[in-house]
Amino acid sequence: MSVQECKERERAGRERLIVATARELAEQQGWDVVTTRRLAERGGYARRQAKSSRK
């Protein structure tokens, strides 16, 4: 399997996980609570923090 094929397979797996998680959340609480933040939390992805330019 090439590197490209491996990356595509991983991407497809992440996509399936995100869709399944979104559907589960929507069934439990409604589509209005489905946010990228909630999907990331449930999917085990860390939230990136923006650097503040304020001092």
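Observations
- Residue-count net charge about Ala22 - beta-carbon cut-off 15 Å; Lys, Arg +1, Asp, Glu -1: +1
- Here the Karplus relation 6.51 cos²θ - 1.76 cosθ + 1.60, evaluated at θ = phi - 60°, turns the backbone of segment 28-33 into coupling constants of 7, 10, x, 5, 5, 9 Hz, with x for every Gly and Pro.
- If the segment from Gln29 to Cys6 were pulled out straight at 0.36 nm per residue, it would be longer than the present Cα-Cα gap by 4.8 nm.
Quick note: the coordinates plus some simple rules give every number you see, no bench work behind them. Keep in mind that this is a model prediction, so the values were computed, not measured. Ideal geometry is used to build each Cβ from the backbone, glycine not excepted, and the neighbour counts take in all protein chains shown.
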